[in-house]
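Worksheet: the structure to be examined is printed underneath.
Nothing in this text is a laboratory measurement; each read-out follows from the coordinates by a stated rule. Owing to the predicted nature of the structure, the values given are computational and were not obtained by experimental measurement. When we count neighbours, we look across all protein chains shown, and the Cβ atoms used for this are built from the backbone with ideal geometry, even at glycine.
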């Protein structure tokens, strides 16, 4: 993907560009809001990583100007302002997701992937299928290799979220926000426990595991290679 | 010092001035009344004298009356000016001590006044005349010398007593005011001592129970409260310094060691992860402290929405349930539905998750954790009770301090900010949190108040 990074701090920008390039993306960098807007309007990017506090033109103004020009390019807002109301302001201004500094590069990659793939995901599709695991979203029915699996409501919601993001890295924070709508760090390993309970039902032997733990990043539900 | 004296002087002078004005008014009234009474009395005496003379005339004729007039003139003391004149119908002098009829303006039986000739400028003479049967007429006049004397006496007495009153009132006022203001000086002195660094000094208690004692008591309890706050801030600062310094020190030590002996390629992964974990802990502590500060600022009240409390509680309990199941604990949830509460949904959820998670964390396996939620007047009550080790009564206030951790909990994961945040969130909702003994365990009761409640 071709990604525009708008960030004025050189160290963070360098770290971002390096991380994104290593993940296989093509990266352009703008150090202030005006240049960023100029790039974003003039060239075709797949996504923008946008810092909120920028010289010349702040991130939210730049985003508003971009959206006013009719662009629907996915934007991930980065900010040191982590409060809930700041997050809501960012999303209202037209951001697709909001990530609080400091962040892990894996979290950023996972979220970037999620917002750029969002348009392609069959969100309204009734049946989701990965390998021999399928769910019927109308009937809340889960089957693996034809066998019906009984899940508790929360387990079902976690699985549904994982299936919608099949093949993508899903971080703990993304699960907290996407499944429970929690925007805080619960300071416990409760998400991991939820995942391990889900796995004990969906991935029990002799089935081939579909849900994988990615160290330092999160989880990924994908077809066996 | 000067302001205390000036207060005393001001009160004293004001008191004296008030007294002088009152005393002056009283004096004026007394003099006016005495004057009126005495002048009236002189007039009556003149009238009575005339009547006596007329009666004498009727009894003994003109000679008898003349004899009486002569006798009166002779017995008049030199201090008095008493006038008699008897004249016939043609105005010819018959007897008395007045050579000429003084004034022709006034008719018979009419009182009038003229300046005294014997004591010019000192007094007036009250006069009156009557016609006798044979056409002659008699004039009688008495001086008002006594009125002037009494008036002077009263004025003199008044001046002396006013002086005495002013002297007494100023002395007494000064002493009384100074005595009354002495506690103020005591309070000022105590405040000065505290400012000079003796934070334990208190305003001395007196047994009177008056306004100043109550003021002193209030100030003392305010000082106690400030002391507690200072101690708590100091404790929190120490804890913050400790909680931030330890991971940073570990981090620094590891980096320094790596300079001398770089980690081998197969150690590098674990080495880096440990460093990141330490930094994450520091960042997380900062994040939590900032969040508590922002909740305590109260600004988040602008984001209040109608919250369905039972739904939030159910949500939090379900979220934590897998952790309880791992420890074979039972989450016993009982609720009564009720009206929604104006509150901050995200923070309330965080609070509930925090409380239930804590209960699961600190309660032993195979126990029951009670969670209750029910509406009450003006808000909601939420109870989370476990059968764990509980918190000693002495520690129950301290666990709300930032980064304070019970010794027992230092071994378990957590930042020691959970209950501080819970308390801040409860405060944001104008509520109260009470920790009690659940015999055994801890029973947390939270009351949340609706915005209008």
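At q = 0.06 Å⁻¹, what base-10 log of I(q)/I(0) does the Debye formula yield for chain B when every alpha carbon is treated as an equal point scatterer in vacuo?
Ignoring solvent entirely, the Cα scatterers give -0.58.
With the contact rule set at Cα under 8 Å and sequence spacing of 6 or more, what percent relative contact order holds for chain A? Mind dumping the intermediate values first?
Working: 338 pairs, mean separation 29.3, N = 225.
Taking the mean separation of contacting Cα pairs over the length of chain A, I get 13 percent.
Estimate the FRET efficiency between residue A:139 and residue B:220 by the formula 1/(1 + (r/R0)^6), using the beta-carbon distance for r and 60 Å for R0, to the nearest 0.05.
Details: r = 71 Å, r/R0 = 1.18.
Approximately 0.25, to the nearest 0.05.
Can you pull the one-decimal nm distance between simple spin-label points at residue B:73 and residue B:268, each 7 Å off the Cα toward Cβ?
Placing both labels 7 Å along Cα→Cβ, they lie 15.1 nm apart.
Can you give the mean number of other chain Cβ atoms that lie within 10 Å of the Cβ atoms in peptide B:128-140? Before the final figure, lay out the partial values.
Values: counts 0, 0, 0, 0, 0, 0, 0, 0, 0, 0, 0, 0, 0.
Per residue, the average neighbour count from other chains is 0.
Defining a contact as two alpha carbons under 8 Å apart and six or more residues distant in sequence, what relative contact order in percent does segment B:163-250 show? Intermediate values should be presented prior to the final figure.
Working: 27 pairs, mean separation 14.7, N = 88.
Normalised by residue count, the contact order of segment B:163-250 is 17 percent.
From Cα pairs below 8 angstrom and at least 6 apart in sequence, can you work out the relative contact order of segment A:111-225, rounded to a whole percent? Working shown, then result.
Numbers: 131 pairs, mean separation 28.7, N = 115.
25 percent.
Please compute the modelled spin-label separation between residue B:151 and residue A:192, points set 7 Å along Cα→Cβ, answer in nm with one decimal.
11.2 nm
Provide B:93, B:400 in ascending order of the number of other Cβ atoms located within 10 Å of each residue's Cβ, fewest first. Don't jump to the answer; show the numbers that get you there.
Details: B:93 13, B:400 18.
Lowest count first: B:93, B:400.
Between segment A:184-225 and segment A:1-72, what's the alpha-carbon centroid distance in Å?
Taking the Cα centre of each part, segment A:184-225 and segment A:1-72 sit 33 Å apart.
Using a Förster distance of 35 Å, how high is the FRET efficiency between residue B:122 and residue B:171, based on the Cβ-Cβ distance and rounded to 0.05? Mind dumping the intermediate values first?
Details: r = 39 Å, r/R0 = 1.12.
The pair residue B:122/residue B:171 has a calculated efficiency of 0.35.
Give, to the nearest whole percent, the P(r) tail of the protein assembly as shown beyond 42 angstrom, counting all Cα pairs. Show your work: numbers first, answer last.
Numbers: 128617 of 229503 pairs.
Tail fraction, whole percent: 56.
Using a 10 Å cut-off on Cβ atoms, rank the peptides A:104-111, B:132-139 from the highest mean neighbour count down. Please report the intermediate quantities before stating the final value.
Details: A:104-111: 19.8, B:132-139: 15.9.
Descending mean neighbour count gives A:104-111, B:132-139.
DSSP beta bridges in chain A, what fraction antiparallel, as a percent rounded to 5? Can you show the working numbers first?
Details: 17 of 34 bridges.
Antiparallel bridges: around 50 percent, rounded to the nearest 5.
Mind checking B:342-355 for the average number of partner chain beta-carbons within 10 Å of each residue's beta-carbon? Each step should come with its number before you reach the end.
Numbers: counts 0, 0, 2, 2, 9, 2, 0, 6, 7, 0, 0, 7, 4, 0.
Across the residues of B:342-355, the mean count of other-chain Cβ atoms within 10 Å is 3.
Set the Förster radius R0 to 56 Å, insert the Cβ-Cβ distance between residue A:200 and residue A:10 as r into 1/(1 + (r/R0)^6), and round the FRET efficiency to 0.05. Present the calculation step by step, with values, prior to reporting the outcome.
Working: r = 47 Å, r/R0 = 0.84.
Efficiency, rounded to the nearest 0.05: 0.75.
Would you mind checking the tilt of helix B:345-362 against the longest principal axis of the Cα atoms of chain B, expressed as 0 to 90 degrees and rounded to 10?
Long axis of B:345-362 versus the principal axis of chain B: about 60 degrees.
Counting partner chain Cβ atoms within 10 Å of every residue's Cβ in A:66-75, what's the average? Please list the in-between numbers first.
Working: counts 0, 0, 0, 0, 0, 0, 0, 0, 0, 0.
That average works out to 0.
On C-alpha positions alone, give me the angle between the axis of helix A:105-117 and the longest principal axis of chain A, in degrees, nearest 10.
Computed tilt is about 80 degrees.
Using Cβ contacts closer than 10 Å as the measure, can you line up B:380, B:32 from fewest to most? Write out the running numbers ahead of the final one.
Working: B:380 29, B:32 10.
Ordered from fewest to most neighbouring Cβ atoms within 10 Å, B:380, B:32 come out as B:32, B:380.
Under 13 Å from a point placed 7 Å out from the Cα of residue A:212 along the Cα-to-Cβ direction: which residues of segment A:156-200 have their backbone N that close?
A:167-170
So how many Å³ per residue does the convex hull of the Cα atoms of segment B:115-161 work out to?
Details: hull volume 3.2 nm³, N = 47.
About 68 Å³ per residue, rounded to a whole number.
Hey, what angle do you get for helix B:265-296 against the long axis of chain B, alpha-carbon based, 0 to 90 degrees rounded to 10?
Rounded to the nearest ten degrees, it is 20.
Taking Cα centroids, how far is segment B:64-79 from segment B:322-364 in Å?
Centre-to-centre (Cα) distance: 120 Å.
Indicate, rounded to the nearest 5 percent, the antiparallel portion of the DSSP beta bridges found entirely in the protein assembly as shown.
Details: 59 of 82 bridges.
For the protein assembly as shown, the DSSP antiparallel bridge percentage is about 70.
Mind jotting down a quarter of the surface of the convex hull over the alpha carbons of segment A:7-137, in square nanometres, one decimal?
Working: hull surface 37.4 nm².
Convex hull of Cα atoms, orientation-averaged projection: 9.3 nm².
Can you give the helix-only mean residue ellipticity at 222 nm for chain B, where every DSSP H stretch with n ≥ 4 adds -39500 (n - 2.57) and the sum goes over all residues, rounded to the nearest 500 deg cm²/dmol?
Values: 7 runs with 254 residues, N = 453.
Calculated from helices alone, the mean residue ellipticity at 222 nm is -20500 deg cm²/dmol.
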